[in-house]
Amino acid sequence: MNVAAICLILLLGTTVLHYEALTFASRFIARPRIHPRVAVLVLILGLACAHCAEMAVYAIAYYLERPHFGLGAATGTFPLAFSSYLYFSAETYTSLGFGDLVPKDGLRFLAGIEALNGLLLIGWSGSFIFLAMQKVWNLNGNSR
């Protein structure tokens, strides 16, 4: 399988995952009997879990790519265990990019796509939280 196809599958998969998380969150915070502070707390924790799951999807792809797809490798100061790929995925998804693990060959393109995807999904979460806060709190700062 080529790198573009893998990128497309990962983009679609993580976007659908995020969409479903936002759908669940919007249904949850729309419940009239939920206290606004609880709704916001559950929203933030739920979206954090969704982002962690999305990072894990990319980590699984990095971990499986070499034996199954041969896109490239990562080099660095850490052993290339699954935990290292999870760490690399988290720093790439958030665009932190310490640079202690460096992708080579086709893996570089996949890492770039993950950074773009992470920025878009984090931005989507931010705008969703903003809209949810407008619903939960009125302009005076009082909750519903």
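How big is the gap, in Å, between the Cα center of segment 1-46 and the Cα center of segment 92-126? Centre-to-centre distance over Cα atoms comes out at 19 Å.
Amide H contacts of T94: none lie under 5 Å away among residues 5 or more positions distant or on a separate chain (H built 1.01 Å from N in the peptide plane; Pro and chain starts excluded). Using only side-chain charges placed at the Cβ, +1 for Lys and Arg and -1 for Asp and Glu, the dipole size of segment 3-136 relative to its Cα centre rounds to 600 debye. Taking the alpha carbon gyration tensor of segment 3-136, multiplying each eigenvalue by 5 and rooting it gives semi-axes of 33, 14, 12 Å, largest first. Computed 3J(HN,Hα) for segment 38-50, one whole-Hz value per residue from the Karplus formula 6.51 cos²θ - 1.76 cosθ + 1.60 where θ = phi - 60°, is 5, 4, 5, 4, 5, 4, 5, 5, x, 5, 4, 5, 4, glycine and proline marked x. Listed peptides 42-51, 1-10, 107-116 appear in the order 107-116, 42-51, 1-10 once ranked by packing, highest mean of other Cβ atoms within 10 Å at the front.
Does anyone have the angle between helix 82-93 and the longest principal axis of the chain? Alpha-carbon axes, 0 to 90°, nearest 10? Tilt relative to the chain: about 60 degrees. Helix-only arithmetic for the chain: the sum of -39500 (n - 2.57) across DSSP H runs with n ≥ 4, divided by the residue total, places the mean residue ellipticity at 222 nm at -25500 deg cm²/dmol. Rounded to 0.05, the FRET efficiency of the R37 and L8 pair, given R0 = 35 Å and the Cβ-Cβ distance, is 0.30.
Each reported figure results from applying straightforward, stated rules to the coordinates on display, with no laboratory input. This is a predicted model, so every value here is computed, not measured. Using ideal geometry, Cβ is built from the backbone for each residue, glycine included, and neighbour counts are taken over all protein chains shown.
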